[in-house]
Amino acid sequence: MVPKTRKGLFGPCIYNSVVFNFISNGQRHLIFAPIWSNFSKSIKEMNLELTEEHIAVRDAARDFAQNVLKPTVIDRDNEQRFATDEITELGALGFMGMMVDERYGGSGMDTVSYALAMEEISKVDASVSVCMSVNNSLVCYGLQAHGTEEQKEKYLRPLASGQKIGAFCLSEPEAGSDATSQATTAIDCGDHYLLNGTKNWITNGGCAGTYLVIAQTDVEKGHRGINALIVERDMPGFIVGAKEDKMGIRGSDTHTLMFQDVKVPKTNRIGEDGFGFKFAMKTLSGGRIGIAAQALGIASGAYELALAYSKERKAFGKTINKHQAIAFKLADMATQIEAARLMVMKAAALKDAGEDYDLASSMAKLYASEVAMTQTVEAVQVHGGYGFVKEYHVERLMRDAKITQIYEGTSEVQKIVISRSILKD
Ligand code: CAA
């Protein structure tokens, strides 16, 4: 394949291929080259080096996070402002449909690349990265893996290119961890379903154009009577409710959604009748890799800030990194973050290799989110009083870390998945 060359305004773009970024004649140029992913092969052979292509994707995401997101992240968090322009830019750069086939307008990358990009964006702005994660691994991946050709053309294409944003609607007031207890109903009316109910805590709820909604069609059949429907924002009877005022990821767009007699064509059902619950579970298995990578990014972002601060701040006549109390904290952080990174990469590599990744993704999410929570608290501690004020970023990372132990399956839900897997006959 002949590499394509493009110019970019400020930084690297990724479309169907990896980007190399260089400056000549005072202008920044981008070389696009195809990715030959061999990380999954490498991990089996215990060669844990990233390929040059993976490193280029990671650096492109890092460049965007540090240069575009960082200058405004504190204000957006304070104002609970969704990063509309920044996410449009992320989409144009190819980060919103990273694993979608090129023929549907995606970037055609692997899960390892996606996890690397998620880590870099999350180091700076977890509100942006949760939007990216839901769009990539719940909505786009779910449609690509289980949608019909027509659904992919109509719905996946604009989501993969970032023209539209997607939302995944499973949780309800009475159905969080107990996801089979769906009170939202999708009554079979021949050529369409009549959708009624309420969904809670929906990421991208206010800004999305396309919603994947899980609803009960046949109560008698339990989880086998649940369907997944594609709902368009402008369908009559669909109401975007209140925006949540949250402790963390305050720049993300989290809403209650209401459905009042929404007529959804049967052609908008994903998979066979009754496939909705399994669709949600399968999709969430991949989504948990994205959230594990987000947690890893939050932890490593806090660690990098704490490390840099410890080399500057002096106490008792020397920089604080020379005090064992701080040096040992940094050692624990570095070790746990490295372990979390290996778990995230293993789960991603298994998915890329077409192997079972349910156990690995739950383990990675469980561990990485615990590391994010404990180590962001430690990063605040390393900063002392400065850690408690917004300017130093670590207090926001600490608040953002908490949700990674809750969404896409709480830590307790991950333990259900893990224990069932290791205890099965
Ligand atoms: N792949 C395929 N099928 C699966 C599956 C998977 N990973 N996991 C379960 N299933 C199937 C089972 O095989 C079973 O099917 P059969 O009866 O035909 O064998 C069926 O699904 C029901 O499974 P369980 O009996 O295990 O169901 P359960 O009621 O015991 O619940 C649970 C299991 C793991 C607790 C599940 O309910 C769960 O994951 N809950 C958490 C929900 C969640 O993650 N919500 C996140 C909301 S989205 C979000 O947070 C996005 C965001 O905003 C960032």
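The values are calculated or read from the model by the stated rules, or taken from the named source; none is laboratory data. Treat the numbers as computed from the prediction; the structure is a model and nothing was measured. FYI the Cβ positions are ideal-geometry reconstructions off the backbone, even for glycines, and counts take in every protein chain you see. Areas reflect the complete protein model, heavy atoms only, side chains present, ligands, DNA and RNA absent. Shrake-Rupley method; radii C 1.70, N 1.55, O 1.52, S 1.80 Å.
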- Message: Name the residue that is nearest to the ligand (Cβ to nearest atom), counting only residues in the range 201-227 that are buried (at least 24 other Cβ atoms within 10 Å of the Cβ) and hydrophobic (A, V, I, L, M, F, W, C).
- Response: ILE202
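Rundown of residues vs (1) in contact with a strand residue (DSSP E or B) (Cβ under 7 Å, 6 or more places away or on another chain); (2) among the hydroxyl-bearing types (Ser, Thr, Tyr), yes/no style:
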{"site": "GLY106", "(1), (2)": "no, no"}
{"site": "ASP110", "(1), (2)": "no, no"}
{"site": "GLU119", "(1), (2)": "no, no"}
{"site": "VAL134", "(1), (2)": "yes, no"}
{"site": "SER137", "(1), (2)": "no, yes"}
{"site": "GLY142", "(1), (2)": "yes, no"}
- Item | Subset of the range 376-405 [within 30 Å of SER421 (Cα to Cα) and open to solvent by 10 Å² or more (accessible area, probe 1.4 Å)] | LYS402, ILE403, GLN405
- Would you confirm whether any residue within the range 143-164 is open to solvent by 10 Å² or more (accessible area, probe 1.4 Å), within 16 Å of the ligand (Cβ to nearest atom) and not polar (S, T, N, Q)? yes
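In the range 258-295, what residues are on the phi > 0 side of the Ramachandran plot and away from the ligand (no atom under 16 Å from the Cβ)? Outline the logic, then answer.
Of the range 258-295, the ones on the phi > 0 side of the Ramachandran plot are 261, 271, 274.
Matches in the range 258-295: ASP261 only.
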- Starting from residues that are within 21 Å of the chain's Cα centre (by Cα) and of a type in the set (Gly, Ala, Ser), keep the ones in the range 391-425 and report whichever is farthest from the ligand (Cβ to nearest atom). ALA401
- Cross-chain or 6+ apart pairs with Cβ under 7 Å, the range 115-142 first and outside the structural domain of SER369 (by TED's automatic domain parsing) and touching a residue at least 24 places away in the same chain (Cβ under 8 Å), then among the basic types (Lys, Arg) and open to solvent by less than 10 Å² (accessible area, probe 1.4 Å): SER127/ARG76
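Based on this model, can you work out whether LYS351 counts as basic (Lys, Arg) and within 16 Å of the ligand (Cβ to nearest atom)? Even if it seems obvious, please write down each step before you answer.
On the way: basic (Lys, Arg): yes; within 16 Å of the ligand (Cβ to nearest atom): yes.
Against the criterion (basic (Lys, Arg) and within 16 Å of the ligand (Cβ to nearest atom)), LYS351 qualifies.
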- Message: Can you tell me which of (1) over 24 Å from ILE416 (Cα atoms); (2) open to solvent by 40 Å² or more (accessible area, probe 1.4 Å) is the one ILE230 doesn't meet?
- Response: (2)
- Members of the range 233-264 that are polar (S, T, N, Q) and open to solvent by less than 40 Å² (accessible area, probe 1.4 Å): SER252, THR254, THR256
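Considering only residues that are under 19 Å from TYR155 (Cα atoms) and either acidic (Asp, Glu) or open to solvent by 10 Å² or more (accessible area, probe 1.4 Å) (or both), which ones fall in the range 94-133? Steps first, please.
First pass over the range 94-133, keeping only residues under 19 Å from TYR155 (Cα atoms): 94-108, 131-133.
Correct list: MET99, ASP101, GLU102, ARG103, GLY105, GLY108.
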- Give me a count of the residues in the range 61-73 that are of a type outside the set (Val, Ile, Thr) and more than 17 Å from the chain's Cα centre (by Cα). 5
